[in-house]
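Bear in mind these aren't lab numbers, they're just calculated from the coordinates by the rules spelled out. Please read all numbers here as calculations on a predicted model, not as lab measurements. Cβ sites come from the backbone with ideal geometry, for glycine too, and all protein chains shown count toward neighbours.
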Amino acid sequence: MIDDIWDSSAWYVIQCAFPVNDCGASVLTTTRILSVADDCCKHCRGYVYKMKPLSDQDSRKLFVNRIFGSQEAGLDVAEEISADILKKCGGLPLAIISTASLLSHNPKSRWDSVRNSLVSMFEGDQDELKQMERILDLSYMHLPHHLKTCLLDIGKYREDYEIEKDTLLREWVAQGFVSRTRMRDAVDVAEDYFYALINMSMIQPWTMEDDEVETCRVHDIMLDLIRSKAAEENFNLVIDGPEVVAGEHKRVRLVSICYDGEEDGAILAAIKGSLSHVRSVLLFRGSLVPSFLVLKYVRVLHLQVAACERLDLTGIHGMFLLRFLKVVYSTTGEYVKLPDQIGELQQLETIEVEISDCFLGKPTSLPPDIVRLSRLMHLSYTGSGLVLPDGISKLRSLRTLQAVDLLESSAENIKGIAELTCLRQLKKCSTFHCYDEKVHKLEWKMRMDALRRLSGNLRSFIMGDDCHIVVPAHDWTPTPPPRRLRKLDLSSCHFPRIPEWIVHLHELCSLELYVSEVADGLSIVARLPSLPYFKLQTLLRKYPTNERAIISGSGKSFRALKRLTLICPYLTLDFQEGALPSLEKLDICFRYYVWPQQPVGIEHLPAATLRQVRLVVDDKDAEVPASELDQHRAGVESLLKRAFEPHHPAADITVYFGDYRRLGHPQSSPWFP
């Protein structure tokens, strides 16, 4: 599928990549321009399909649902007002959603004013695209000033770019778009702004985890509006094409270079006079990095660099106003080189480095001077792992610490984590690539013991999703358990059974564990009052024993659980009446011979809420001739579907076959969306 083709010349280039044969493959293209559609189907004009607007009935349904959440709640909406508004929207979904979002943030007493604004804007005939642009413009005009500023900042990203929420919030704070209040930190206030833009349909949530938005995107038409507004206000300079390079540029505070089609010298010459007071830089072009490191007033430096052997950032030592530094790049050589005197950048609040295609197999040691950064709140070095610097406890403002290599860090520095009282996220403590139980068993136990004390403010502790092996957890118990913890992922730590201290984590929303045996451990997790997601994996044994687990339907057992993932191929489940009353998604792994392991009490699962069942069957060791494998798989699939479908006809039930030992974190696994 080729989405959103803007001109015929682009299609002529793209089509050269496709083979010409009679194999029957199909290519789907989308465009807003009819002439481009005709050119894409020159030899088969009958295949051009023009999208039709929504019917009046569907338009009203979408309109009312977006404002009130249901049709019934919107019965009292004034018919005259809604009819006029929907008429101006012309059946265009984006226009309807944007207008409905605008109304939902205004009292009903002002709806008539919004209707009148729309009517006055659409006097005379206009095409559909122009109507939609006018409607989006009206939504923008009604934004409060602080949201306008944040929205204009999003215009610096490439079209269809997946924007990380955490990165965006930290950039807003660093640029001074958001300030802390008496009761809330600036990042928390920025998150409110972020969700306000989503609720008003200005940006679109894209990926989710634990019911929270992880990334967002901007609709192409909305991005056009944002950039036009930003240009009017001289808010930023976005170099994304040759016409922009050749244009006339005013002095700007924010610059984004997303274009690769000109020589470096041509781009630098074109914008040289515009950069003297630039405050924020987003660069998708590695060759230009040295030219931007000499700018003295930069507060935000965000580099998205393609493959390179070494990225030397020692030049940032003179950016004394720098608050945010993020580097994303791929390498097979050396890592990012930071200045030895990085502690002189006293305004620095965020250091994020993400490395892909990294094969050196050794963690990164940061300059010792980094512990002088008293304002540093976010430190992340994913891809290579991070050795904790001596004196880590001095970073008292730290809220996020990510990708720590526990084995390479000293036990003393690991103990220092407990003194970081502001720490909320201790994420991806991983990179156990060099762990050898015979060699490192004692060292590892010392480091796990050093990690027993955790900050009482900790919200997220992840030691699992990037690890390639499982390490022993021994009898590890945090003392005391961090009771405000909301996310706990210990799927790379091998526990004998589900730890009893888990029951004290009453605010937990996500839990992932790896154990030798289930035993009665489910009863411990079942008592967590607000847990919506639970994943459990059991150790693969050479001589496994079958287990049986009863999931009770009485009392408060698993009352909040919405998603259950069990990678326990020798566990038979018994769902009692009333079990898992809020369950929406169920993921279970089976061994190939599923008959003795088929769950009991499937009819007791809630048909009203359960909408997705995913079953994976491990047939790697199935003693079946290859010629008969497909037939046997069909029989197993039929058996499992017959067990679920009569009781859950509305659920999406899918059966997969493969080696369950290859299944990783559910967000990245091929059989989980």
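Placing R0 at 30 angstrom, the Cβ-Cβ distance between Lys87 and Cys41 gives a FRET efficiency of 0.40 after rounding to 0.05. Between the amide H of Trp206 and those of Glu214, Thr215, Cys216, Arg217, distances stay under 5 Å, these residues lying 5 or more places away or on another chain, with hydrogens modeled in the peptide plane.
Calculated on the alpha-carbon coordinates, the convex hull of the stretch 495-539 measures out at 55 cubic angstrom per residue.
Packing, taken as the mean count of other beta carbons within 10 Å per residue, orders the peptides 385-393, 204-212, 445-453 from highest to lowest as 385-393, 445-453, 204-212. Rounded to the nearest 0.05, the FRET efficiency derived from the C-beta distance between Arg32 and Lys61 at R0 = 25 Å is 0.50. Site pair Gln341 and Asp112 shows an inter-label distance of 6.8 nm when each label is modelled 7 Å from Cα along Cα→Cβ. Summarising the amide proton neighbourhood of Phe590: residues at separation of 5 or more, or on other chains, whose placed amide H is nearer than 5 Å comprise Val616, Val617, Asp618. Looking at the stretch 162-229, the pairs of alpha carbons with a distance over 16 Å make up 51% of the total. Rg of the Cα atoms in the stretch 1-50, relative to 2.2 N^0.38 Å, amounts to 1.09. Annotation: for a label point projected 7 angstrom from Cα along Cα→Cβ of Glu214, residues of the stretch 503-518 with backbone N closer than 18 Å are 509-513. Contact order for the stretch 479-560, expressed relative to its length and based on alpha carbon pairs under 8 Å spaced 6+ residues apart, stands at 29 percent. An ellipsoid equivalent to the stretch 546-613, defined through the eigenvalues of its Cα gyration tensor, has semi-axes of 20, 13, 10 Å when rounded to whole angstrom and sorted largest first. If you bin every alpha carbon distance in the stretch 518-560 into 5 Å steps from zero, what whole percent lands in each bin? Pair shares across the bins are 5, 19, 26, 22, 13, 9, 4, 1. For Phe18 and Tyr49, the FRET efficiency from 1/(1 + (r/R0)^6), where r spans their Cβ atoms and R0 equals 22 Å, is about 0.65. Full extension of the chain between Ala608 and Trp206 yields a length gain of 142.1 nm, computed as 0.36 nm times the residue separation minus the alpha carbon distance. Charge tally around Cys216: other residues with Cβ under 10 Å, Lys/Arg +1 each, Asp/Glu -1 each, net -1. The calculated P(r) of the stretch 470-559, using every Cα pair and 5 Å bins from 0, goes 3, 13, 24, 26, 20, 9, 4, 1 in percent. Between Arg548 and Ser627, the distance separating the two model label sites (each 7 Å from Cα on the Cα→Cβ line) works out to 4.1 nm. In this label model, Lys250 and Asp264 are separated by 3.0 nm, measuring between points 7 Å along each Cα→Cβ vector. Each residue of the stretch 190-197 was assigned a 3J(HN,Hα) from its phi angle through the Karplus curve 6.51 cos²θ - 1.76 cosθ + 1.60 (θ = phi - 60°); the sequence is 4, 5, 4, 4, 4, 6, 5, 5 Hz, with glycine and proline shown as x.
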